[in-house]
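Working notes, beginning with the structure itself.
Where a number appears in this text, it was derived from the coordinates with a stated rule and is not lab data. What you see is a predicted model, and the numbers here were worked out from it, not measured in a lab. Because the Cβ atoms are built from the backbone with ideal geometry, glycine has one as well, and the counts that use them run over all protein chains shown.
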Amino acid sequence: MLALDLCFRRGDFELVVNAQAESGVVGVFGPSGCGKSTLLKLVAGLLKPQRGRIQVGDQVLCDPEAGIWVPPHRRRIGMIFQHARLFPHLSVQQNLLYGHRLVPPDQRFIQPDEVIDLLELKTLLGRQPGSLSGGEAQRVALGRALLCSPRLLLCDEPLSALDDRRKNRILPFLRRVRDHFRLPMVYVSHDLGEILQLGSQVWIMEGGRLVARGDYHGGGLDAWLAPNAGDHVLVNVVEAVVRAHQEAEGTTELVLSPVGEPWFAARFEAPLGAKVMVALGADEIALVPERVPVISVQNQVQAVVTGLVRREGRVLCRLDAGVPLVVALTCRGAEQLALSVGRKVFCLFKARAVNLLGMQH
Amino acid sequence: MSYEMVWQILQISLSVAICAVLAALVPAVAAAYVLARFSFSGKSLVEALCYAPLVLPPVVTGYLLLVLFSRKGWLGRWLADFGILVPFTWTAAVLAAAVIAFPLLVRSVRLAVELVDPRLEEAAAGLGASPWRVFFGITLPLASPGVLTGTMLAFARCLGEFGATITFAGNIQGETRSIPLAIYTYLQQPDAEATVWFLVALSLAVSLAALWGSEVCNRRLRVRLGGAHVGA
């Protein structure tokens, strides 16, 4: 769907990327300044590479050597940014239809009613962008990008200007877009948890280079993940169903899979049976060889080691606990436990470490 | 002074100012946009040329126009082939005022364009808008308060134009004698103080009306733009 082989230089910064992405969501992860936003701008045509090729579907958008350059307004690539960038002199409705009107009718595969329903925009249509909250504005921006019936949707840190509560409200909309329109998406973020809520295909960028790419759960990224396992970036994102609330203990009971053990999270407001996404940091999990009979930690989940990667004094341990989990350990800890693939362990983690990310509507 | 004469002077003043502003508007907006959004070699030279009439004595600007458009001048020679003679006509008064007002327009519009968030233009391009559509649909509407301010400033400057006009267009009654030139003329005559005062009052009235009109327009524009220039 997307094939890149390009080189872009500006001042001291150099970006070199050679990669292909299939359909679905590709998350691009990296620290700020690593070039991930630049990469999106190159794909969108807002920047010109010095050399290289960009191909979306079967159309080559840019190839300086062959003299090919498709300007941004002919690329049919939707983009949402950190800020909504709504046009302040147009109403929400006019903003939404801005790109839609420029698409020839026979090429429109996304219709306004569909988007307005899906993103719950009906009540906002008559308003001016200046009167919207950050989250509402971002929803309108998402709708506006979708309505130009793009063949690819680029998201450049669309949630980073929002607070956690608002973030968690927008992500379900992005998941809906992913499932409803089946649009290929490239999602750039410095928050791995955000990316994992949308998909597990991840590209990791550092200093203008793609240093790793692959499936987060498949082990393709482990060579990069293991040495960085202690930096709070590694996270487990899992889907669960709310089974019960324990008012006295202040916990909420979650079911992850029909067979696995329940998890307990710090009490949050959600109707019973609600589908939720929760995050659990990879360094919040402790491993023990046997079940601990009496302990204050609420969660003791049985798991089997499926993979171990050692790098630079760090161990990345992959587990199957009904759902795939990653755990970050020190080498010493791993040795003391005598971890090996196939070994049965118990994961300990506090209810407080299980964070609600968002609720499916 | 007869009623007809007052009407004639007022008509010349207004027609020259309006036509001069209209003539300068399109090139000024184009120059302002280029100066605000692009960098190229020789930009400071273009900038200096645009702003020159602002710093030159108007008499000098008028003289340069006279040289340029005289029968032997660069442009005048070419125009003479078509039987067109510009100096000392109503057209010359319009041209002189337009050149004097041009830098004021460029300055205001440029500042306004620079305040328009280029990220909004990027967003519009990403939504499929061609550069022309982005300019007319996004940049220009968002810069419109600046365009309006510049237009009013230029209009007021044209109404007051004296030096370049008298040099290039002369002080011809019924052709180029605007309010300032009429005031100057009557100041030279004995016992015309009452006429001078009348013309001064007329000048004040026209200028204040223009100022009030621009304030009303500006307020309406700002309400329509939601008071915001940046995409929140």
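Here are a few things to note about the model shown:
- Positive minus negative residues near residue A:70 (Lys, Arg vs Asp, Glu; Cβ under 14 Å): +4
- Low-density loop cleavage sites - chymotrypsin sites (Phe, Trp or Tyr not before Pro) in the range B:1-106, where at most 10 other Cβ are within 10 Å (DSSP): B:38, B:40, B:82
- Residue among B:192, B:36, B:17 with the largest mean-square fluctuation in a Gaussian network model of chain B, springs linking Cα atoms under 10 Å: B:192
- Förster radius 25 Å - calculated FRET efficiency between residue B:45 and residue B:79, Cβ distance, rounded to 0.05: 0.45
- Backbone N within the range A:322-353 under 17 Å of label point (7 Å from residue A:291 Cα along the Cβ vector): A:322, A:344-349
- Neighbour counts of C-beta atoms inside 10 Å place A:131, B:144 in the sequence A:131, B:144, starting with the fewest.
- Per-selection Rg to Rh, the range A:239-361 - Cα, Kirkwood hydrodynamic radius: 0.99
- Seen from residue B:126, the other residues with C-beta closer than 12 Å to its C-beta sum to a net charge of +4, counting Lys and Arg as +1 and Asp and Glu as -1.
- Pairwise FRET efficiency - residue A:102 versus residue B:18, Cβ, R0 = 35 Å, nearest 0.05: 0.45
- Residue order, fewest to most surrounding Cβ atoms within 10 angstrom, among A:122, A:36: A:122, A:36
- Our analysis of the protein assembly as shown gives Rg over Rh at 1.17, with the two radii drawn from alpha carbon positions and Rh computed by the Kirkwood formula.
- Value of relative contact order over the range B:36-98, rounded to a whole percent, pairs C-alpha under 8 Å and six or more apart: 21 percent
- Summarising the overall dimensions of the range B:59-180 from its C-alpha atoms, the Rg and Dmax are 19.1, 57 angstrom.
- Placing dummy labels 7 Å off each Cα toward the beta-carbon, the span from residue A:16 to residue B:4 is 8.6 nm.
- Extended-chain gain in nm, criterion 0.36 nm per residue less alpha-carbon gap, residue A:114 and residue A:239: 42.4 nm
- Overall form of the range A:76-192 per C-alpha gyration tensor (a/c, 1.5; a/b vs b/c): oblate
- Across the range B:137-232, Cα-Cα pairs more than 20 Å apart make up 53 percent of the total.
- Equivalent-ellipsoid semi-axes for the range A:302-345 (Cα gyration tensor, √(5λ), whole Å, largest first): 17, 11, 8.
- The range A:310-325 - phi-based ³J(HN,Hα) in whole Hz, Karplus 6.51/-1.76/1.60, Gly and Pro as x: 9, 8, 6, x, 10, 10, 9, 10, 9, 10, 10, 10, x, 10, x, 10
- Spatially proximal aspartates and glutamates relative to residue A:48 (Cα-Cα < 12 Å; intrachain offsets below 8 disregarded): A:63
- Sequence-separation-based contact order of chain A, relative, with Cα cut under 8 Å and 6+ spacing, percent: 16 percent
- As a ratio to 2.2 N^0.38 Å, the alpha-carbon radius of gyration computed for the range A:10-112 takes the value 1.24.
- Euclidean distance of C-alpha centroids, the range B:178-218 and the range A:200-272, integer Å: 77 Å
- Straight-distance crosslink candidates among lysines, where the alpha carbon sits under 28 Å from residue A:350 and sequence neighbours closer than 8 are dropped: A:167, A:275
- A Förster radius of 56 Å, combined with the Cβ-Cβ distance separating residue A:127 from residue A:335, puts the computed FRET efficiency at roughly 0.40.
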